[in-house]
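Reviewing the structure listed below.
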Amino acid sequence: MPLPDLAAGVACVVVLPESCATRELDLLGRLLNACGSTLARAGRVRVTGGQLADVPHARAYLVFGEAQAHALGRALPAAAMQSAQIVLADELSHVLIAADAKRRLWSALRNLRRALAAAER
């Protein structure tokens with residue numbers, strides 16, 4: 001599989017809340033590894049104090065929680081928001097305890113993988 005073209009931007013960025021338990025980060029790592037190398041290599045940024053600093057422009061963003069989605073919306077220019085695939089998922093703490101949140105996350109990851117694969121062609 002060819003490496004992503006870095007000049008074209010980052011393939012995917014994962015946006016996380018300020019605090020994540022070790023168990024939640026372990027779940028995230030296993031999920032992204034299960035979804036293939038593109039998502040396994042996704043950049044990760046954390047929202048700190050309700051703000052995101054230095055968010056790279058990417059083809060896709062996987063956002064865990066509404067508060068993080070609002071922070072991403074404030075940090076990215078409108079053109080970047082329009083051109084990117086943005087997938088909102090439940091917070092990882094909720095995914096660990098709720099079956100419906102797990103189903104929504106797997107569905108979101110499947111759609112994200114398809115969108116990234118289509119963009120690579």
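Computed from the coordinates by the stated procedures, all read-outs in this text should not be read as laboratory data. Since the model is a prediction, treat every value here as computed from it, not as a measurement. Here the Cβ is made from the backbone with ideal geometry for all residues, glycine too, and neighbour counts use every protein chain on show.
Here is how the numbers come out for the structure above:
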quantity: Environment charge at residue 93 (Cβ cut-off 11 Å; Lys +1, Arg +1, Asp -1, Glu -1); calculated: -2
quantity: Computed magnitude of the charge dipole of segment 24-121 (debye, nearest 20; Cβ of K, R +1, Cβ of D, E -1); calculated: 400 debye
quantity: Whole-Hz couplings from phi, Karplus 6.51/-1.76/1.60, listed for segment 54-68; x for Gly and Pro; calculated: 6, 7, x, 6, 9, 6, 8, 10, 10, 10, 9, x, 5, 4, 5
quantity: Selection from 14, 72, 37 lying farthest towards where the dipole of segment 7-120 points positive, charges on Cβ; calculated: 37
quantity: Per-residue [θ]222 nm for the chain (sum of -39500 (n - 2.57) over DSSP H runs n ≥ 4, rounded to 500); calculated: -14000 deg cm²/dmol
quantity: Packing-based order for 24-30, 98-104, 85-91, using average beta carbon neighbours within 10 Å, highest first; calculated: 85-91, 24-30, 98-104
quantity: Farthest toward positive dipole pole in segment 7-120 [+1 Lys/Arg, -1 Asp/Glu at C-beta], among 94, 82, 107; calculated: 107
quantity: 3J(HN,Hα) from dihedral phi, segment 26-41, Karplus parametrisation 6.51/-1.76/1.60, rounded to Hz, x for glycine, proline; calculated: 5, 4, 4, x, 5, 4, 5, 5, 5, 8, x, 5, 4, 6, 5, 8
quantity: Packing-based order for 55-62, 67-74, using average beta carbon neighbours within 10 Å, highest first; calculated: 55-62, 67-74
quantity: Cβ charges +1 (Lys, Arg) and -1 (Asp, Glu), total dipole of segment 16-61, debye; calculated: 160 debye
quantity: With eigenvalues of the C-alpha gyration tensor scaled by 5 and rooted, the chain, Å; calculated: 21, 18, 13
